[in-house]
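Take a look at the structure below.
Each reported figure results from applying straightforward, stated rules to the coordinates on display, with no laboratory input. Keep in mind that this is a model prediction, so the values were computed, not measured. Please note: Cβ atoms are built from the backbone with ideal geometry, for glycine as well, and neighbour counts cover all protein chains shown.
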Amino acid sequence: MSTAQTILALLQGCNSLRRLKTIHAQVFVHGLQSNPSISGKLLHFCAVSVSGCLAYARTLFDRIECPQTHDWSSIIRGFAVGASPLEALLYYNDMLGSSFSCPDSYSFSFALKACERVGNERKCGEIHGTVIRSGYETDVLVCTNLMRCYAGNGMVEVAQKVFEGMSERDLVSWNSMISCYSQAGLHHEALGLYRRMSKENVDVDGFTLVGLLSCCIHVGALNLGVELHRRASREGLLGNIYVANALIDLYGKCGDLARALSIFNGMSIRDVFTWNSMITAYGVNGCADEAILFFKQMLREGARPSSITFLGLLSGCSHQGLVDKGVEFFHMMSSKFNLKPEIKHYGCMVDLYGRAGKLEKALEIIGTSPFLVDPVIWRTLLGSCKIHQNARIGEIAIKNLVQLSACNAGDCILLATIYAECNDKQGVARMRRLIKSQGIRTTPGWSWIEIGNQVHRFFVDDQSHPDRDEIYRKLEEVIYRARLAGYVNNKFQVTMPDLKCEGHMESSSKYHSEKLAITFGLVRTPEGTNLRIVKNLRICRDCHSFAKFVSQAFSREIIVRDRVRFHHFRGGVCSCKEYW
Ligand SMILES: [Zn+2]
Ligand SMILES: [Zn+2]
C-alpha cells in the first residue's frame, strides 16, 4: 500500500478534528498536500462532518490550487447548512468564475439551500437561470431544492411551477411540495397532492404522512386523517414515532380522545412530544384530571417535561377550574424543572384566574410578567370580564389593547356587550365611538367543515358556494326547528349595523360562517353523523346557542373548534358549560 493510500484509509476512519489534524501533519511530512484525493477528503471532513470545523475547512480550501467540483460542493455545503449561509453563496459565485470546474447537481442544490436560508429571492431566480443554462433543469435533486428555495422565499406559485414542470419526480419531491404548501398555509393544496399521489400510485413514507397529518390538523380534516391512519397501518408506518405522534396530535385536536389513547397505548417508544400531545389533548378537551395522570406517568417513565407539557397542564386546569392545581404547576416549572415560564404560560394563568372569576388575581399576574404583555393576554382577560360581567377590569384591558395599537372591533364589541349586560348605555355608546374614531378593522371569519374527504369553507354571509341556494333554503328551516327547541335569535344583541364582523355575538349579521357550515353538514351527511367545524375566530354567543339547539333538534353531535377551545354540543348542551 502506498503512503497516499494509507493516509486515505486513515481519513476514511477519522472521527475527530484532533485526529484529522494529526493526519494532516502526516500529509505534510510526506509532501502529499497537493494530492487532490487527499486534500478533497480532508476538506470534506472539515466542511461536512459533525465534528468538522468550517474555519479549518476554509484554510484547507484556500490552499487547494485548482479546486475540483466536489471540493466546491463540500465548502458550499458546509457553509450552506452552517452558521453563515451567505458565505456559501460567495463560494458559489467564485465557483462560477473558476475555469477549472462547473457546478453539478450537488453544488446547485447546496447553493439553493443557502439561498433559501439567506432569504434572497433574486439570487434564487439567478441560480435557476444558471441551472437551465447548465442543463440541470430536469435534475430531480436540483428541482426539489429549487422548489424549497422559491417556497422558502415566499414564492410558492413559482415552486409549484417548478414541480409541475418536472419530467420525473421522486418521493422527496412530492414530500417537499407538500411541505412547501403547508408552510405557506395552503393546507388544502397539500391535501390535494395526496389525492394525486394516490391516483399516480406514488408510495408514501413517514415524511409524507407527517406532512399531510399536520395539514389535516390545521383544517380539522378528521376523515382524511383516519384514512391516513389506515394507510400508515397498512404500510407498517405506525411504528414510526413521528407518524404516531402526529396521529395523536390530530385525534387530540379533533377531540377524539379514544383514538388518541389507542395510538398512545400501541407505542413501544415514546418521546416528550408523545407525552405533550397526550397531556395537551386531554387538557384542551377539558379533562385536566386525566392530563395530570399522564403527567405523573410521564415522570415515572423518566421523560423530562418541557415548557409545552406545562402549557397543556395549565390549559387543562383552567378549562376545568382547578385554580390551586394550576398555580402549583406554574411554580413547579421553575422550582422543580428549571423551566422559566414563558409569555404563553402567563397567558394560561390569566385565563385560569379569569375563568374562575378571580379577575384581580389575573390582573396581578399580568403585572408580575417579565415579558411585554401581548394583545392575546389582554384579550383573554377581556373574555373573562365578559363571563363575569366586570366592566371595570374590561376597561383596563381595552385601554391596554388600544395602547398596543392592537384593539380590534371584536374587542370593542366584547366590552360593549359587558356594558349592555350591565345596562350601561353610555358605555355602549363610548365603544361605538371608539370603533369609529380608531378606524378599527375587523377580521373576516370563516368556518371549515369536512364532508367525506372534502373540506368546505364558508365566509360570513357566503354567496360563493355552488350550493348556496340550497344551503340558505335549508338554513331557514334549521333556524325554525332550532327555535321550536328553544333557540332565541340574538338574545343579547348590541346592534352595530355599520359593522360587519364575525366571531363575536353582537354583529348584526345573521349568517355567520358556522351557521352555514352546520347547515351544509346537515344537508350533506346521513342522519346521526357528527359534524366537525373549525373556526378561525371565537364562536359568538348567538351561534353557540344556535349550535346547542340544533344538536338537540336534529339529534346530532356538533364539535366546533374555535380559536380558543373546543365546544362539544350534544342534546342541547355544550361541554364548555357556557364558559369560553
Ligand atoms: Zn356567530
Ligand atoms: Zn361551548
Open item on the list: Given R₀ = 51 Å, what would the calculated FRET efficiency be for Asp467 paired with Glu360, taking r from the Cβ atoms and rounding to 0.05?
Closed with: 0.50
Task: In nm, spacing of pseudo-spin labels at Ser84 and Glu164 (7 Å Cα→C-beta vector) - done: 4.1 nm
- [ ] Give me the lysines in straight-line cross-link reach of Lys41: C-alpha distance below 25 Å, same-chain residues under 8 apart excluded.
- [x] Lys21, Lys113
Open item on the list: If I stretch the segment between Phe100 and Gln26 completely, what's the gain in nm (0.36 nm per residue apart, minus their alpha carbon distance), one decimal?
Closed with: 23.9 nm
Open item on the list: Can you give the FRET efficiency to the nearest 0.05 for Ser262 and Asn536, using r as the Cβ-Cβ distance and R₀ = 30 Å?
Closed with: 0.50
TODO: Assign one of three labels to region 245-354, namely rounded, prolate or oblate, based on the Cα gyration tensor with a ≥ b ≥ c the square roots of its eigenvalues; rounded applies when a/c is under 1.5, prolate when it is not and a/b is larger than b/c, and oblate otherwise.
DONE: oblate
Open item on the list: Students often get this wrong: which residues of region 368-390 have the backbone nitrogen under 12 Å from the point 7 angstrom along Cα-to-C-beta of Thr443?
Closed with: 375-377, 379-380
Task: Residues Val564, Val350 arranged by fewest to most Cβ contacts within 10 Å - done: Val564, Val350
Task: Mean Cβ neighbour count within 10 Å, used as a protection proxy, ranking 245-253, 94-102 highest first - done: 245-253, 94-102
Open item on the list: Give me Val560, Val210, Val81 sorted ascending by neighbouring Cβ count inside 10 Å, so fewest comes first.
Closed with: Val81, Val210, Val560
- [ ] Show which aspartates and glutamates lie in cross-link reach of Lys253 when reach means a straight Cα distance below 13 angstrom and same-chain residues fewer than eight apart are skipped.
- [x] Asp562
Task: For region 119-160: rounded, prolate or oblate by the Cα gyration tensor [a/c cutoff 1.5] - done: oblate
Task: Two-site FRET efficiency, Arg195 against Asp324, from Cβ-Cβ distance with R₀ of 45 Å, rounded to 0.05 - done: 0.35
TODO: Give the cross-link partners of Lys340 among the aspartates and glutamates, using a straight C-alpha distance below 16 Å as the criterion and excluding same-chain residues fewer than 8 apart.
DONE: Glu328
Open item on the list: Under the rule of at least 5 residues apart or a separate chain, name every residue whose amide H is placed under 5 Å from the amide H of Trp446.
Closed with: Asn536, Leu537
Task: 32 Å Cα-Cα threshold exceeded, pairs from Lys199/Lys548; Lys336/Lys535; Lys325/Lys515; Lys161/Lys515; Lys361/Lys425 - done: Lys199/Lys548; Lys336/Lys535; Lys325/Lys515; Lys161/Lys515
TODO: Give me the distance in nm between label points sitting 7 Å out from Cα along the Cα-to-Cβ direction at Gln454 and Arg481, one decimal.
DONE: 2.2 nm
Open item on the list: With n ≥ 4 as the cut-off for DSSP H runs, can you work out [θ] at 222 nm for the chain, using -39500 (n - 2.57) per run divided by the number of residues, rounded to the nearest 500?
Closed with: -20000 deg cm²/dmol
Task: Separation of alpha-carbon centers, region 130-182 and region 322-386, rounded to whole Å - done: 45 Å
Open item on the list: Please compute the modelled spin-label separation between Arg19 and Asp374, points set 7 Å along Cα→Cβ, answer in nm with one decimal.
Closed with: 4.5 nm
